[in-house]
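The values are calculated or read from the model by the stated rules, or taken from the named source; none is laboratory data. It should be emphasised that the depicted structure is a prediction, and the values quoted were computed from it without experimental measurement. A quick note on method: Cβ atoms are made from the backbone with ideal geometry, for glycine too, and the neighbour counts reach across all protein chains shown.
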Amino acid sequence: MTSVPTPAPSSMDCYQSAASLCLAGQYAQALSMVQPTLEARWALSGGVLAEALNIAAVCSLGLNQLADAEAYWRQAIEAKPDYVDAYNNLGMLLKGLSRLPEAEATYRQLLGIRPELAEANNNLGAVLYDLGRLPDAEAAYRQALAIRADYSQAHYNLGIVLYDLGRLHEAESAYRQALATSPDAGAYNNLGNVLNALGRLPEAEAAYRQALLIRPQHAEALNNLGTVLKELGRLPEAELACRMALTIRPDYAEAHLNLGALMGALQRLPEAEMSYRQALAIRPDYAEAHYNLGIVLHTLDRLSEAEAAYRQALLMRPDIVEARNNLGNVLWAQRRLPDAVAAYRQALLIRPDLAESHHNLGNVLKELNHLPESEAAYRRALAIRADYHDAKVSLATLLLSTGEFEEGWRLYDSRYDQPGFIHHQTQSTLPCPRWRGEALAGKSLLVWQEDGLGDMVHFGRYFPLLKAQGAAHIAFACAPALHRMFAAVDGVDAVLDHETALARAREYDCWTSPMSVPLHLRTTANTIPDAVQLRPDPSLVDHWRARLATLPPGRKIGLVWKGNPKHHNDANRSMPSLATLAPLWSVPGVSFVSLQKGQGEDEGQSSPAAQPLLHLGTELTDFADTAAIIGELDLMICVDTSAAHVAASLGKPTWVLLPRDDIDWRWMREREDSPWYPQTLRLFRQSADEGWSTAVERVRQACVEEFSNPLHA
């Protein structure tokens, strides 16, 4: 703040009037009163002239005549070389004009004359802070405090420097000393920021509320309070705080950003998008808003817009490594895999220890079939974060897909350590201990389904082996659709629904998932047990045989073209529609049976124009029906879904069409057969440049070859 001194006694009346007018904001009148004096400056002593020049400078500043103000203060210093007010005021003017080196020189000149001036040291510190010379600024503030220990503004400014230097505990002390002498809303707000950064959220909340008691319209404190309340999980209160901040300051870009983050946390994504766009309307170069907008757009599956938002963020702030990582994710989702690899590598150039980017890079390299490089990326992620469970599971599935079962099974079991996985929830829910390979002789075992229906059929092969370990009683808790079929499986003593099994779980010595058994039984690629022996109910076989008899004579082929829409890779593994299989209608001497259930079921209810199709999917009650029908077919053609496991376990020829992207680990790599179902299952893989139509055409040709062979007539 500029200061107006008391004028010399010899000019008291004139100067007092001019000073009063100046303080009242009547700068033109005040300037006109001192102007005659300045014109006769030759007659004035140095001190009187300096005071007149100072009043003229203050008036010129008030009239926005900055060059005149600067000239008057320089003249005042010339007239009175030790004129403290003129130095301080000139320094503040130069700082306001961003002429920081000149401002520094002015304050150093003053301190050369009057080193004991606490205010000058404080003001020098402010200039040095703006110059980015934080240690020098700290030294200046500490010198001010050495002169005047109760200098609240210097304590406050010191707190700002210490916060920026990351010395949070010292910053807290500085703000508390500032508040001890002068309770101030700004200091409470900044104290709250320090406490927030220290993770002391309740104390931070209290500090922000103290700031608001002093200044209820403090928009920054409201916005910061909203941030803390969000971290404390009190989202409605946080939203109210942010909206109050925006009521006070509608152009507060940071509050729009925080409100957007809150809307995202509340899954109100359109509102989150709106908040981020409002922040960008105020500050088009707001990199964090571009970045957060990208997250929302990505979540909304608006991939090209998300890409543009991330690229805008990186234009403003190339160092936002998370934006580069997320850009890679968007490019990966758009199947632009080489571009995604480049984005992840750029992120890792900035931050080599970013485990998420190593993991994501591994995922894309796996898609590109660069398996050694993929494995190396996963291992680097785990070297950085040993408890990175997503990376463990990703490495596990890669190893399993290449037949490296020993390490693969062990890493795959880490899914129980991942809080976001259903497996972790199962472990927390069941009261009996999880089986970890100890002796089962004489014990009761609860086998708990927590994965898909096809997984249960696939790993149902382990029930007889568990029984052979000496288990006295094995109960299988599974979906009702599996009950009748598994009731006839060797090694299963009881089949339960999950609710009943949970109520009785304490009766069992231990529990396991079917997909954990290979680890504990040390299954290798050479010791894969035979598929589960399914025994279709004879009465069901008779029923479905009669239904199939309505088809024309010839071979009968079962079809399933879609899987469960809740599967993470269903967009890739399921075909767009039954029409995708239309080339098969031209195969002579065959009839088709639709076993499609759920998604796509309605398509099978109307026969294609060129081919009669017996649709049985709607009539299926459970997998016992599915098994009874497949047992009467000559071939099963399907996508990667549970029908493939049922058919292959029944020993029926099973042809599975696999997608180009994100193939399940159990189908291994670059092979047309499966060690899980030898002599039974055949894989038709899309190559990198193929769509479904090309793969279906290869299936059609295989059908023609298969059924024109006299050996199979």
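To keep it simple, each residue is scored yes or no on (1) over 27 Å from Ala525 (Cα atoms); (2) at pLDDT 95 or above; (3) assigned to a helix (DSSP H, G or I).
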{"position": "Glu407", "(1), (2), (3)": "no, yes, yes"}
{"position": "Arg415", "(1), (2), (3)": "no, no, yes"}
{"position": "Gln427", "(1), (2), (3)": "yes, no, yes"}
{"position": "Val447", "(1), (2), (3)": "no, yes, no"}
{"position": "Glu450", "(1), (2), (3)": "no, no, no"}
{"position": "Leu465", "(1), (2), (3)": "no, yes, yes"}
{"position": "Ala475", "(1), (2), (3)": "yes, yes, no"}
{"position": "Gly491", "(1), (2), (3)": "no, yes, no"}
Selection count where residues are within 19 Å of Ala647 (Cα to Cα), free of Cβ contacts under 8 Å to residues at least 60 places away in the same chain and not hydroxyl-bearing (Ser, Thr, Tyr), scope the range 590-600: 6
Matching option when the condition is closer than 21 Å to His615 by Cβ and touching a Ser or Thr at 6+ places or on another chain (Cβ under 6 Å), among Leu540, Leu559: Leu559
Number of positions in the range 499-551 that are assigned to a helix (DSSP H, G or I), within 40 Å of the chain's Cα centre (by Cα) and in contact (Cβ under 8 Å) with a residue 40 or more places away in the chain: 11
Test result for Arg461, among the charged types (D, E, K, R), in contact with a Cys (Cβ under 9 Å, 6 or more places away or on another chain) and under 26 Å from Trp665 (Cβ atoms): no
Condition check for Arg415: under 26 Å from the mean Cα position of the chain (by Cα), of a type outside the set (S, T, N, Q) and within 21 Å of Ala377 (Cβ to Cβ): yes
Qualifying positions in the range 438-463 - within 21 Å of Pro536 (Cβ to Cβ) and either surrounded by fewer than 18 Cβ atoms within 10 Å (Cβ to Cβ) or of a type in the set (A, V, I, L, M) (or both): Leu453, Met456, Val457
The range 575-589 residues that are surrounded by fewer than 13 Cβ atoms within 10 Å (Cβ to Cβ), paired with ones that are hydrophobic (A, V, I, L, M, F, W, C) (beta carbon under 7 Å, 6 or more apart): none
Total residues in the range 413-437, condition out of contact with any strand residue (DSSP E or B) (no Cβ under 9 Å at 6 or more places or on another chain) and crowded, with 18+ Cβ neighbours inside 10 Å: 4
Counted residues, the range 136-166 - those being within 36 Å of the chain's Cα centre (by Cα), surrounded by fewer than 17 Cβ atoms within 10 Å (Cβ to Cβ) and not in a loop (DSSP other than H, G, I, E, B): 1
Residue in the range 116-127 that is free of Cβ contacts under 8 Å to residues at least 24 places away in the same chain, outside any helix (DSSP H, G or I) and buried (at least 16 other Cβ atoms within 10 Å of the Cβ) present: no
Some residue of the range 686-694 being in contact with a helix residue (DSSP H, G or I) (Cβ under 6 Å, 6 or more places away or on another chain) and free of Cβ contacts under 8 Å to residues at least 60 places away in the same chain: yes
Some residue of the range 255-275 being part of a loop (DSSP other than H, G, I, E, B) and of a type in the set (Ser, Thr, Tyr): no
Check on Leu361, of a type in the set (A, V, I, L, M, F, W, C), assigned to a helix (DSSP H, G or I) and out of contact with any Leu (no Cβ under 8 Å at 6 or more places or on another chain): no
All positions within the range 178-189 that are closer than 21 Å to Ala118 by Cα and out of contact with any Phe, Trp or Tyr (no Cβ under 9 Å at 6 or more places or on another chain): Ala180, Pro183
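Restricting to the range 194-226, give me the number of residues that are crowded, with 24+ Cβ neighbours inside 10 Å and under 19 Å from Arg249 (Cβ atoms).
Going through the range 194-226 one residue at a time, the tally reaches 8.
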Selection from the range 615-670 of residues that are of a type in the set (Ser, Thr, Tyr) and either touching a residue at least 24 places away in the same chain (Cβ under 8 Å) or in a loop (DSSP other than H, G, I, E, B) (or both): Thr621, Thr626, Thr641, Ser642, Ser649, Thr654
